[in-house]
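Scroll down for the structure; my scribbles are underneath it.
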Amino acid sequence: MSKLLDRLFIWLFLLFVSIFLVLISILSPITIDEHEELRVAMFGYPIPFAQQDLMITYGDYAVDYPHKFTISFGMLENVSRIYFYKIPFFFSVLIVYIGLLIIRYLHNRFLV
């Protein structure tokens with residue numbers, strides 16, 4: 001019974017780690033190739049799941065494209081809403097979770 005609880009704890013821990021890694025991935029910069037792409041900037045890895053209209057925040061800036069942008073959380077600026085898509089988020093968490101399970105299996109199989 002104790003071994004089963006240990007496995008359950010590890011699986012739940014890996015699930016929370018994968019959710020955290022996917023959520024923190026929206027902070028990584030993305031590359032925008034054209035000015036028009038600012039309207040539909042998609043964030044998140046491995047599958048983009050958060051969308052924001054960066055034209056409101058960065059539309060007046062004159063930059064050379066391609067350019068890297070980050071999601072806008074400005075407190076004093078006029079920022080657009082961030083839209084989260086549940087299905088791509090679920091698949092992103094699933095991909096990371098499976099990757100962590102594979103790493104755990106390989107670690108237990110070859111290093112322990």
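Structure above, values below:
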item	result
Sites His67 and Leu23, calculated FRET efficiency, Cβ-Cβ separation with R0 30 Å, nearest 0.05	0.75
Label assignment, Cα extents along the principal axes in Å derived from the structure, set (i) 32, 28, 26; (ii) 51, 25, 21; (iii) 61, 26, 23	(iii)
Portion, in percent, of the accessible area of segment 35-91 that falls on carbon or sulfur, probe 1.4 Å	62 percent
Linear extension gain, Arg39 paired with Arg104, 0.36 nm per residue minus alpha-carbon span	19.4 nm
Per residue value of the accessible surface for the chain (all protein chains in place, 1.4 Å probe), Å²	74 Å²
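The values are calculated or read from the model by the stated rules, or taken from the named source; none is laboratory data. From a predicted model like this one, the values you see are computed outputs, not experimental measurements. Virtual Cβ from ideal backbone geometry, glycine too; neighbours counted across all protein chains shown. Ligands, DNA and RNA are excluded from the accessible area calculation, which covers all protein heavy atoms including side chains. Shrake-Rupley method; radii C 1.70, N 1.55, O 1.52, S 1.80 Å.
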